[in-house]
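Quick notes on the structure that follows.
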Amino acid sequence: MKSIIPETIDKVIESLKKNEMEAAYFQTVAEAREEVLRRIPSGARVGIGGSITLREMGILEALEKRGNEVYDHWEEGLSKERRQEVGKMQQRADFFLASTNALTLDGKLINVDATGNRVASMIFGPERVMVIAGVNKIVKNLNEGLARLKKVAAPRNCQRRKDPTPCAQDLVCHNCDTPARLCRVTTIIERRPWGIKEFAVFLVGEELGY
Ligand code: SF4
């Protein structure tokens with residue numbers, strides 16, 4: 001695992017706060033999961049962004065078990081139309097949970113999407129957004145973050161999905177020109193978007209997702 005010095009964590013947390021977001025560090029997944037669950041009332045509707053991190057943390061199961069209505073467009077067996085509909089329901093939920101593809105030392109969140117439902121809900125959806133990210137997502141600056149999308153996040157997602165893109169084979173970006181291209185929308189969140197009341201970023205001292 002990438003070793004992260006405590007000063008780096010402090011710097012990221014301080015930058016996020018400066019960028020009008022709430023920020024906290026949790027040593028373990030269990031602690032972060034507990035905090036996420038504590039903040040979401042049991043009757044709340046929760047949109048879930050496409051995220052390996054959230055699934056590795058077992059958050060979906062925990063929310064469903066206690067009766068939260070969960071909008072998950074990755075649910076198995078959904079038709080294309082229903083997936084699209086669930087993506088739109090995420091935007092109208094009470095909370096939106098996601099991770100981020102990269103998090104810079106100066107507190108920017110950088111993401112790449114194909115459909116855009118995740119990035120849309122992070123910036124113009126529910127009034128309460130929580131982003132959970134392992135320390136492996138920390139990058140030095142914007143350039144390193146944009147590079148991470150192409151070197152790590154997109155190729156590994158394409159490989160997981162078995163997409164017919166060249167990066168799914170060799171984990172190298174070829175700036176492909178195919179209908180399967182995943183890299184279609186890139187967002188940079190520099191500060192908490194105006195319409196979002198609570199934008200919290202929880203950094204976890206473990207390697208999570210990609
Ligand atoms: S542009 Fe194409 S090859 Fe490059 S990372 Fe995105 S999907 Fe993969």
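Percent antiparallel among DSSP beta bridges with both residues in the stretch 71-154, to the nearest 5?
Numbers: 2 of 8 bridges.
Among the beta bridges of the stretch 71-154, antiparallel pairing accounts for roughly 25 percent.
What is the antiparallel percent of DSSP beta bridges lying wholly in the chain, to the nearest 5?
Numbers: 7 of 32 bridges.
Antiparallel bridges: around 20 percent, rounded to the nearest 5.
Solvent-accessible area per residue in the chain equals 50 Å², computed with a 1.4 angstrom probe and all protein chains kept. Residue pairs exceeding 30 angstrom between C-alpha atoms, taken from K17/K151; K11/K162; K80/K108; K18/K162; K88/K150: K11/K162; K80/K108; K18/K162. From the largest down, the stretch 1-113 spans 45, 29, 29 angstrom on the principal axes of its Cα atoms. Per-residue surface analysis assigns C176 an accessible area of about 20 Å², computed on protein heavy atoms at 1.4 Å probe radius.
Just so you know, the averaged projected area of the alpha carbon convex hull for the stretch 93-210 sits at 7.2 nm². Converting phi to 3J(HN,Hα) with the Karplus coefficients 6.51, -1.76 and 1.60 and the offset θ = phi - 60°, the stretch 48-64 yields 10, x, x, 7, 6, 3, 4, 6, 5, 7, x, 6, 4, 4, 5, 5, 5 Hz in sequence order, with x at every glycine or proline.
Above 18 Å, the calculated P(r) of the stretch 75-143 contains 45 percent of its Cα-Cα pairs.
With Cα atoms as the point set, the chain shows a radius of gyration and Dmax of 16.2, 46 Å.
Computed over the stretch 117-161, the quotient of the alpha carbon radius of gyration and 2.2 N^0.38 Å is 1.35.
The values are calculated or read from the model by the stated rules, or taken from the named source; none is laboratory data. Treat the numbers as computed from the prediction; the structure is a model and nothing was measured. SASA here: full protein model, heavy atoms, side chains in, ligands and nucleic acids out. Shrake-Rupley method; radii C 1.70, N 1.55, O 1.52, S 1.80 Å.
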